[in-house]
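The next block holds one structure in the form of structure tokens; read it before the comments.
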Amino acid sequence: MLPRLPTSFVGRESELAQARGLLDRTRLLTLTGPGGCGKTRLAIELASRTAGDFSDGVRFVSLAAVRDPALVPVEIARSIGLQDTRGIPLLDHLAGYLAERDVLLILDNLEQVLPAGGFVA
């Protein structure tokens with residue numbers, strides 16, 4: 001599920017087209033830039049326009065409140081509604097769950113918990 005935005009998307013069609021082209025060719029796409037430049041807005045617009053390309057949909061995971069990189073998998077699992085499975089480590093359970101799905105997963109504010117990037121990759 002994507003957050004609802006109160007404004008329309010104007011003036012970034014070139015960046016959107018470039019991101020769309022990259023998304024078509026890779027499993028991991030990172031949008032970078034200074035704070036406030038519109039990375040989240042661009043990601044949400046890209047996701048809304050490509051949602052139909054992913055049979056299992058789009059999931060938006062806000063990491064704004066997460067400070068401990070070890071909690072990133074927990075927040076991802078919570079955000080996608082993944083139920084706890086006793087006896088299976090969370091990372092294995094999450095990786096197995098996502099490996100079986102065609103889903104676009106947006107991780108917003110990952111830069112503040114960058115050590116979790118290894119898990120994400």
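The values are calculated or read from the model by the stated rules, or taken from the named source; none is laboratory data. Keep in mind the model is a prediction, meaning the values are calculated, not measured. So basically every Cβ, Gly included, is an ideal-geometry build from the backbone, and we count neighbours across all protein chains shown. Calculation scope for accessible area: heavy atoms of the full protein, side chains included, ligands and nucleic acids excluded. Shrake-Rupley method; radii C 1.70, N 1.55, O 1.52, S 1.80 Å.
Points worth noting:
- Apart from one condition, Val66 fits all of (1) loosely packed, with under 15 Cβ neighbours inside 10 Å; (2) out of contact with any strand residue (DSSP E or B) (no Cβ under 8 Å at 6 or more places or on another chain); (3) not charged (D, E, K, R); the exception is (1).
- Looking across the range 21-49, the residues that are surrounded by fewer than 16 Cβ atoms within 10 Å (Cβ to Cβ) and part of a helix (DSSP H, G or I) come down to Gly21, Leu22, Asp24, Arg25, Arg41, Ser48, Arg49.
- Residues in the range 1-20 that are open to solvent by 60 Å² or more (accessible area, probe 1.4 Å), hydrophobic (A, V, I, L, M, F, W, C) and closer than 19 Å to Asn109 by Cα: Met1, Leu5.
- First in the range 105-119 and farther than 19 Å from Thr26 by Cα and without any contact (Cβ under 8 Å) to a residue 24 or more places away in the chain, second anywhere and of a type outside the set (Gly, Ala, Ser) and open to solvent by 30 Å² or more (accessible area, probe 1.4 Å), Cβ under 9 Å, 6 or more apart: Glu111/Thr32
- Enumeration of residues in the range 72-119 that are assigned to a loop (DSSP other than H, G, I, E, B) and either under 28 Å from Glu45 (Cβ atoms) or of a type in the set (Lys, Arg) (or both): Gly81, Leu82, Arg86, Glu100, Arg101, Asp102, Val103, Asn109
- Condition check for Asp56: in contact with a Lys or Arg (Cβ under 6 Å, 6 or more places away or on another chain) and exposed (fewer than 14 other Cβ atoms within 10 Å of the Cβ): yes
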